[in-house]
Every structure is written in C-alpha cells, then in structure tokens.
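The values are calculated or read from the model by the stated rules, or taken from the named source; none is laboratory data. A quick note: this is a predicted structure, and the numbers were derived from the prediction, not measured. Because the Cβ atoms are built from the backbone with ideal geometry, glycine has one as well, and the counts that use them run over all protein chains shown. Just the protein is used for accessible areas: all its heavy atoms, side chains included, with ligands, DNA and RNA removed. Shrake-Rupley method; radii C 1.70, N 1.55, O 1.52, S 1.80 Å.
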Amino acid sequence: MQSLAKGLIVSCQALPGEPMYSENGGVMPLFATAAAQSGAVGIRANSVRDIKEIRAAVPLPIIGLLKENYDGFEPYITPTLDGVEAVLSARANIVAFDATNRIHPHGVSTPDFIGQIRKAAPSAVLLADISTYDEAITAEKCGVDLVGTTLSGYTAASADSPVPNLNLVRRLASSLSIPVLAEGNISSPGLAVAALDSGAHSVVVGGAITRPAQICTQFVNAIHAHVPQSLEN
C-alpha cells in the first residue's frame with residue numbers, strides 16, 4: 001500500500017442536497033487537487049464515482065467509504081461487505097467503515113464484520129471509525145490497520161463526549177500499536193495541531209475546508225451576533 005504520511009488528510013465529500021454535490025461528478029476531484037497542491041497527505045472520499053475521479057486526479061492515498069442507510073440499523077459508513085468490496089474495486093488505498101458497538105445490517109456485529117472483510121479481502125487496509133475507547137481496543141484486537149475518532153460524539157455510547165475528542169485521541173495514541181487518525185469537528189488549524197500534539201498520526205479535516213456553505217454560515221452567524229441591525233437595513 002502507498003504509505004500514509006503524517007499530516008493533513010482532507011475529506012472531500014458532498015451528499016445529495018448540499019451545494020457542492022453534483023449528479024454528474026467532477027467537483028470533488030477539484031477539492032482533492034487543491035488539497036494536494038496545498039500539501040495534504042491524503043484524501044477521504046465517499047462513493048465509487050468520487051473515489052475513481054479523485055484517483056485519476058491526484059496521486060495521494062485515498063481513504064474510501066460508502067455512506068449507505070439501512071432501515072433499522074444505525075451504521076452508515078461502509079456498513080456492508082458489498083460496500084467494502086465496491087470501495088476496493090474503485091481503487092481506494094484504505095477502506096473506512098463503522099466499527100462502533102452497534103449492529104450492522106443483516107444482524108452482524110463489528111467483530112464478525114471485520115472477520116468477513118478479512119476473509120473476503122485479506123490484504124485490504126482497514127480504518128475503523130470508532131466512537132469510544134473500548135470500540136478502538138476491540139477493533140485493534142480484530143485486526144484493523146488504523147483507528148479514527150470519526151464517530152466520537154455522534155453515537156449513543158459517546159453522546160457526552162467533547163467534539164473534537166482530543167482526550168480520546170491522547171488515550172488511544174498511548175494504548176494502541178496502530179496509527180490513530182483524529183477526525184470530527186476539527187475546525188481550525190490550531191485544533192489540527194493540538195490533535196497531532198495529542199498523538200494523532202494524521203488529522204482528517206472536512207467541513208472546515210470543503211463545505212463552503214458551512215464555512216459561510218459561521219461568518220454570517222458571527223456577524224449577526226455582533227451587529228444584527230446592520231443586516232436588517
């Protein structure tokens with residue numbers, strides 16, 4: 001596998017209904033190109049189409065995933081073996097998947113799901129998106145290659161956790177023998193540096209870089225809070 005260097009990984013994603021989403025594609029590779037030109041060490045991408053387009057545009061390692069909703073099941077980040085195989089077929093270097101303690105579609109637990117992946121694709125490089133310390137420990141024992149704090153603060157088991165959860169990053173970095181990726185509401189360069197100082201191998205940043213509507217809203221809200229009357233005239 002192409003090695004994943006320490007540094008910034010840019011999440012280049014847009015879902016249907018978001019301003020940067022395009023039915024015809026072509027948008028995410030532009031974000032990925034800008035990230036590569038700026039010194040990013042990797043890209044995180046959702047969907048077979050975007051992974052393929054980004055692969056053709058930049059030489060960086062790609063963390064690929066499929067966001068899929070299944071009725072009655074909470075995991076949605078590459079929650080099935082079919083999704084994992086699709087991501088690998090699109091030539092992602094690393095597959096990210098939900099590794100929380102929640103049950104996957106078809107009633108599969110996370111340890112069993114990892115076992116299924118290893119049987120179907122023994123050489124696949126796996127990134128476990130977790131929300132708690134115990135989930136990360138379980139994922140490492142089951143044989144994943146990297147752990148990401150992507151879902152900390154976004155599951156019932158981690159609802160009271162701070163976002164970003166740098167304490168979790170620090171604890172995992174001192175406990176695991178595999179790289180830890182810090183991800184989740186890392187909204188400023190200062191937080192990215194703090195995550196690296198906490199022991200993260202790399203930092204994944206998405207919305208603060210690749211979601212213009214989210215970035216614009218932060219400015220608009222700040223202006224409204226400071227001088228609300230100026231925007232009403």
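Given the conditions (1) in a helix (DSSP H, G or I); (2) over 17 Å from the mean Cα position of the chain (by Cα), which single one is not true for A136? It is condition (2) that A136 fails.
Could you list, ordered by first residue, the pairs with Cβ atoms under 6 Å in which the first is in region 158-174 and farther than 19 Å from A208 by Cβ and the second is outside any loop (DSSP other than H, G, I, E, B), at least 6 apart or interchain? From residues that are farther than 19 Å from A208 by Cβ, the pairs are R171/Y133; L172/A136; L172/V180; A173/V180.
Taking region 164-233 and the helices (runs of 4 or more DSSP H) fully enclosed by it, the elements with 1 or more residues that are of a type in the set (V, I, T) and crowded, with 18+ Cβ neighbours inside 10 Å are at 166-175, 207-210. Evaluate the following for S161: is it at pLDDT below 95, of a type in the set (G, A, S) and either part of a loop (DSSP other than H, G, I, E, B) or surrounded by 14 or more Cβ atoms within 10 Å (Cβ to Cβ) (or both)? For S161, the condition - at pLDDT below 95, of a type in the set (G, A, S) and either part of a loop (DSSP other than H, G, I, E, B) or surrounded by 14 or more Cβ atoms within 10 Å (Cβ to Cβ) (or both) - is met.
Look at region 82-94: where a residue is within 12 Å of R55 (Cα to Cα) and a partner is among the basic types (K, R) and open to solvent by less than 50 Å² (accessible area, probe 1.4 Å), sitting 6+ places away or on another chain with Cβ atoms under 8 Å, you get A90/R55; R91/R55; A92/R55. Of all residues in region 111-143, those satisfying the criterion of being farther than 15 Å from A200 by Cα, of a type in the set (V, I, T) and either open to solvent by 10 Å² or more (accessible area, probe 1.4 Å) or touching a Gly at 6+ places or on another chain (Cβ under 8 Å) (or both) are I114, V125, T132, I137, T138.
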